[in-house]
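Worksheet: one structure, shown below.
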Amino acid sequence: MGDVNPDTEHRPDALGGDQPARRRPLSNRAQIWGVIVAGASMLIALLAWLLPIGGSGGQASDRNPDVLAPVPGSRLTVRPVPVHSSATADTSVGGNSAVPLTDIDPSAGATNLRPGPSGTLVIGCPTNQSDDLTRTVTYDLLGAYHTFTGSASVAGFTRPEAEAEVELLVDNTRVNNQVFAPGQHAPLTAALDGANTLAIRITCRQRTGTVSITDPVLTR
């Protein structure tokens, strides 16, 4: 007999007949490729579900897990920060134009001023020597203002009985005077009515102190 091809060899079946044997090698390879193709399809589908294609235009949360994605329908509102000019500008007090006294250079007594917080006028106490009993700071108003307002207090005294007197002089006429002890503060006011000068004069019982006038304002 000749050589028998294993792919076409006839073998008896269970009923005694002869049937061609199955081509097992080809059938096995087809099954293997089917499994591979099915597995690849499932892997592609899984990756497509886990990693949606967003590109560079995807949500911020897809690119960076630390950034929260915006809520649908929400909008970020950016409010501009006001820029304050360092130039002197009038403020509004009760509907009237007003100017901080600290924005005006004194016409006399500037050396009596001491450094202090912004918007506060600080005057050093006199030494109480015979030629230094009071300290005065004077401003030229040029007849442009109607009222003066502020709040006075004292500091730097080491003795509880130490006091300071604060006087307001309009055109060299005293219109207000008050005495302050440590820890006390009170408003200071004066009617200007177009006066040309305003002077603040202080007298102290102890030379180590200072008088502070907070928010001194001239109103037109």
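Quick one: count up the residues across the range 139-174 that are farther than 21 Å from ASN112 by Cα and among the β-branched types (Val, Ile, Thr).
Step one: filter the range 139-174 for residues farther than 21 Å from ASN112 by Cα, giving 142-147, 159-161.
Those left that are additionally among the β-branched types (Val, Ile, Thr): 147.
So the count comes out to 1.
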- Could you check ARG135 against (1) farther than 23 Å from THR111 by Cβ; (2) touching a helix residue (DSSP H, G or I) at 6+ places or on another chain (Cβ under 6 Å) and say which number it fails? (1)
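Do you know which of the residues in the range 182-200 that are touching a residue at least 60 places away in the same chain (Cβ under 8 Å) and surrounded by 20 or more Cβ atoms within 10 Å (Cβ to Cβ) is farthest from ALA110 (Cα to Cα)? Talk me through it step by step, then tell me what you get.
Of the residues in the range 182-200, the ones touching a residue at least 60 places away in the same chain (Cβ under 8 Å) are 197-200.
After this cut, where a residue has to be surrounded by 20 or more Cβ atoms within 10 Å (Cβ to Cβ) as well, the list is 198-200.
Values: LEU198: 14, ALA199: 12, ILE200: 11 Å.
Among them, the one singled out is LEU198.
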- Inside the range 123-139, can you point out the residues that are at negative phi, exposed (fewer than 15 other Cβ atoms within 10 Å of the Cβ) and in contact (Cβ under 8 Å) with a residue 12 or more places away in the chain? THR127, LEU133, THR134
- Among the numbered criteria (1) out of contact with any strand residue (DSSP E or B) (no Cβ under 8 Å at 6 or more places or on another chain); (2) at pLDDT 95 or above; (3) among the hydrophobic types (A, V, I, L, M, F, W, C), which single criterion is violated by ALA89? (2)
- Item | Single condition LEU168 does not satisfy, out of (1) surrounded by 20 or more Cβ atoms within 10 Å (Cβ to Cβ); (2) in a loop (DSSP other than H, G, I, E, B) | (2)
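The values are calculated or read from the model by the stated rules, or taken from the named source; none is laboratory data. Computed from a prediction, not measured in an experiment: that's the story for all the values here. Methodologically, a virtual Cβ is constructed for each residue, glycine included, from the backbone with ideal geometry; neighbour enumeration extends over all protein chains shown.
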